[in-house]
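What follows draws every value from the coordinates through simple rules; no lab data is involved. Note that this is a predicted model, so its numbers are computed, not measured. Cβ placement follows ideal geometry from the backbone for every residue including glycine, while neighbour counts extend to all protein chains displayed.
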Amino acid sequence: MPTTTKPKSKKHLLASGHRACAGCGQLIAARTVIEAMGPNTVIANGTGCLEVTTSPYPESSWGVPWIHSLFENAAAVASGVRAALDSKGVKGKKTRVLAQGGDGGTFDIGFGLISGMWERGEDITYVCYDNEAYANTGMQASTATPWGSSTTTTPSGSGKSIDAIGSHLRKKDIVAIALAHRLNYVAQTTVGYLEDIKAKVKKAIETPGPSYIQIMVPCVPGWKFPPDQTLQIGKLAAQTGLYPLLEYENGELTNVMKVPTKTPKVDNYLKAQGRFKHLLENNKLAKEQIKYIQQIANDNIKKYGLK
Ligand SMILES: Cc1ncc(C[n+]2csc(CCOP(=O)(O)OP(=O)(O)O)c2C)c(N)n1
Ligand SMILES: [Mg+2]
């Protein structure tokens, strides 16, 4: 009788069997982040899709100590954990503290507590998984929602008024706000570049003091695209210049990923997602919005030297 040896399965720090949607960008990014942080990490997680899908009572997908306490509290809980570890003499390199949450928890509701944590200079890595809306409660707009996106609180319409385009507020520039707190390490990336995520997390934990990493994580049901397109959309976001890969050390922009010489136009990014479907219609208002979004990408390319 032939014998079969079972392949040894790798024990992930964020295990499969969680309840996120197929193709969820946030779960792919979160696994990449915790693998780069390593097993000696304590996580404080804000409320949102990542929390809900990985911790339905009495189960947990996490292979490290993990705490959830309210939507807005990830930074404050992380501060408490850091203080407890420090008072026990467990320094940052030995046990790391990771605070993480969605864009709603980061850009909006938890922002005051994050600002306080940064101001106090605590050795904590904060990761924002930016799916550009309050996904867990049904895709309401947050201040990370980009111009022209249809959400449940900024629905697109058929009229000629600006309301028809979906969101007509510009995305908040949290990277700039993090830099204003004089953080030693601030970075932006997308789930299209998993090696980049790992490298940035490693740099963040090597840098003493607070650090901030923002990762664009496409949301299959919210952005309305097929689940096998998540990484491709993350790549296009960076390659068009709409969501550039950036790295700041000690306040200086030290690394960017250049856009391709034949830079893809924003239409390629927009038409891959149902949330922008209304902008591809043949009318003046829609055409003006595409032009405006292309201008946002062009401005980024100039501002961050992406050519
Ligand atoms: C104080 C408070 N307000 C509102 C809610 C409801 N709520 C739970 S998760 C969530 C959305 C989270 O959005 P985000 O932080 O972007 O994470 P995502 O689900 O998109 O990953 C909201 C509004 C809550 N739990 N607590
Ligand atoms: Mg969100």
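So the values come out like this:
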read-out: Selected residue [among the β-branched types (Val, Ile, Thr) and assigned to a loop (DSSP other than H, G, I, E, B)] from Val259, Val201; value: Val259
read-out: Scan of the range 171-195 for residues that are among the charged types (D, E, K, R) and without any contact (Cβ under 8 Å) to a residue 40 or more places away in the chain, ordered by number; value: Lys171, Asp173, Glu195
read-out: Test: residue in the range 237-256 that is part of a helix (DSSP H, G or I) and of a type outside the set (S, T, N, Q); value: yes
read-out: Test for Gly105: is it closer than 30 Å to Ser79 by Cα and either basic (Lys, Arg) or within 16 Å of ligand 1 (Cβ to nearest atom) (or both); value: yes
read-out: Pairs, first closer than 15 Å to Leu246 by Cα in the range 285-307, second among the basic types (Lys, Arg), C-beta under 7 Å, six or more apart; value: Ile301/Lys307; Leu306/Lys258; Lys307/Lys258
read-out: Residue check for Thr137: within 15 Å of ligand 2 (Cβ to nearest atom), over 30 Å from Ala204 (Cα atoms) and free of Cβ contacts under 8 Å to residues at least 12 places away in the same chain; value: yes
read-out: Qualifying positions in the range 92-109 - under 15 Å from the mean Cα position of the chain (by Cα) and either within 16 Å of ligand 2 (Cβ to nearest atom) or in a helix (DSSP H, G or I) (or both); value: Ala99, Gln100, Gly101, Gly102, Asp103, Gly104, Gly105, Thr106, Phe107, Asp108
read-out: Residue check for Ile124: within 13 Å of ligand 1 (Cβ to nearest atom), surrounded by 21 or more Cβ atoms within 10 Å (Cβ to Cβ) and not aromatic (Phe, Trp, Tyr); value: no
read-out: Any helices (runs of 4 or more DSSP H) falling wholly within the range 1-91 and containing at least 1 residues that are more than 23 Å from Asn136 (Cβ to Cβ); value: 25-37, 74-87
read-out: Complete set of residues in the range 22-40 that are more than 15 Å from Glu206 (Cα to Cα) and either within 11 Å of ligand 1 (Cβ to nearest atom) or within 13 Å of the chain's Cα centre (by Cα) (or both); value: Cys24, Gly25, Gln26, Leu27, Ile28, Ala29, Ala30, Arg31, Thr32
read-out: Identity of the residue in the range 140-156, more than 30 Å from Val201 (Cα to Cα) and either surrounded by 24 or more Cβ atoms within 10 Å (Cβ to Cβ) or touching a residue at least 60 places away in the same chain (Cβ under 8 Å) (or both), that ends up nearest to ligand 2 (Cβ to nearest atom); value: Thr151
read-out: Failed criterion for Tyr126 (all others in (1) of a type outside the set (A, V, I, L, M, F, W, C); (2) within 29 Å of Leu279 (Cβ to Cβ); (3) in contact with a Pro (Cβ under 8 Å, 6 or more places away or on another chain) hold); value: (2)
read-out: Conditions (1) surrounded by 18 or more Cβ atoms within 10 Å (Cβ to Cβ); (2) under 15 Å from the mean Cα position of the chain (by Cα): number failed by Lys198; value: (1)
